[in-house]
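For reference, the structure discussed in these notes is given below.
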Amino acid sequence: MCENFFVLAMDIGGNVKYSLVYSNNENSRMLLSGQKMVKTLNEAFWDIRLDIEEVVGHLQNLKYVLLSFPGAISYQFSTALQALNETARLIMKTFKPFSKDLHILIMGRDGKFYNSDFVLKYCNEYVDGCFFFDSYWRGVIDMAMDIFNIYSFLYLDMGSFSFTIIPVKNGTIELGRHENRVLSEKLLTIGLTHTPILFILNELKIDGISFKPYAYVPLYTGDFLTAQESPVNDDSLYDKISRFLGYPYLNKSMAYEATFKIKSAIIDLIRKKVEKHIKSNYEDSDVALIMAGNGKYLLYEILEYENKYILPFDNTHTSMGMAYVFLKTRYGRFLKW
């Protein structure tokens, strides 16, 4: 098949990560990649369309929209079926004017792409969206194998809200078709941005005073790095820690101690989970670690293993992984970036 076309890959979670690829006879080239905050999906898709028009003009041959859904997307709707139905409707509304022949394909846990009509029928019949609503990591892992030429590794992805752990052995992903990753501890809600600390710390003792945090306060990567300095000099961080503990009389020395203990608790939990999965899945304790997501550099810093690799992408690695796998398997074209 010698046609030229555009592919728009979108990973729809807390944010919409997207990548636009132009594919011609010889290879495929990344043209645009970014992410949009989700106020509503309609606004996010419209913003992406404007970005595309600004960079490449009006797309007459946008042929494929590829989708992956982290499990969290279904929480915005009553059912997985409703989430998919509404998403497909908004995509057609937003991008159909670009193309007379637009196909919406959803990535499954097996790394294959399914027509949206089939997925709707499947979800409706089996009331089960797990196979389609928790597959965003799949394309990235296949892409990582080709980039690093490694086929046994532990894939670690620290994103905005979660920490993903996926064992890969001899090119096979060690994850069941419908395995609940939360229950199997392969998905932890301890991301760097907007970290829900209450999932990690039920009690915190600072300067001899015991606190039971009750307020949701977003903490960022920079907050943890700032915690290396004493006392805390960042007024915004000081204010956030004070609100988190519900203690207006917090001094900056106490804020430093609190932030340091929060960071230590997150690091300790990640180390324990990584060690647990290495022991249960690999005979060699020096198995390779491949790291991705906006927290990949912190992971690299805190995990004291020799055999470590970092994917050379920012937060759009999930959408790029989809486009990479789709073009490689269906058209035999390799993605350049």
- Message: To test your reading of the geometry: what angle, between 0 and 90 degrees and rounded to tens, separates the Cα axis of helix 116-126 from the longest principal axis of the chain?
- Response: 60
- Of Ser160, Phe118, Tyr297, farthest towards positive along the dipole that unit charges on Lys, Arg, Asp, Glu beta carbons give the chain: Phe118
- For Lys308, other-chain or 5+-apart residues with amide H closer than 5 Å (H placed, Pro excluded) are Leu289
- Task: Report, to the nearest 10°, how far helix 235-245 tilts away from the longest principal axis of the Cα atoms in the chain, using its own Cα long axis and a range of 0 to 90°.
- Result: 80
- Query: Mind checking the dipole of the stretch 1-158: about its Cα centre, +1 per Lys or Arg Cβ, -1 per Asp or Glu Cβ, Debye to the nearest 20?
  - Reply: 280
- Item | Separation of the Tyr305 and Glu3 label points, Cα + 7 Å toward Cβ, nm | 4.2
- Query: Taking the alpha-carbon centroid of each part, what is the distance from the stretch 1-74 to the stretch 98-168 in angstrom?
  - Reply: 16
- Expected 222 nm ellipticity per residue - DSSP helices of 4 or more, -39500 (n - 2.57), all of the chain, to 500: -11500 deg cm²/dmol
- Along the positive direction of the dipole of the chain (beta-carbon charges: Lys, Arg +1; Asp, Glu -1; about the Cα centre), which of Tyr238, Leu50, Ser210 reaches farthest? Leu50
- Item | Entries of Lys296/Lys336; Lys240/Lys272; Lys17/Lys328; Lys169/Lys308; Lys63/Lys186 with Cα pairs more than 25 Å apart | Lys240/Lys272; Lys63/Lys186
- Message: Give me the dipole magnitude in Debye, nearest 20, for the chain about the Cα centre, with unit charges on the beta carbon: positive for Lys and Arg, negative for Asp and Glu.
- Response: 620
- Task: Grab the Cα-Cα distance for Asn61 and Asn124, subtract it from 0.36 nm times how many residues apart they are, and report the gain in nm with one decimal.
- Result: 19.5 nm
- If the viscosity is 1.002 mPa s and the temperature 20 °C, what translational diffusion coefficient in µm²/s does Stokes-Einstein give for the chain when Rh comes from Kirkwood over Cα pairs? 101
- Task: On a 0 to 90° scale, report how tilted helix 41-56 is relative to the longest principal axis of the chain, with both axes built from alpha carbons and the result rounded to the nearest 10.
- Result: 60
- Task: Please report Glu86, Glu3 as a ranked list, fewest other C-beta atoms within 10 angstrom at the top and most at the bottom.
- Result: Glu3, Glu86
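Any read-out appearing in this document is the output of simple, stated calculations on the displayed coordinates, not a laboratory observation. Note that this is a predicted model, so its numbers are computed, not measured. Positions of Cβ are generated from backbone atoms using ideal geometry, with glycine treated the same way; all protein chains shown enter the neighbour counts.
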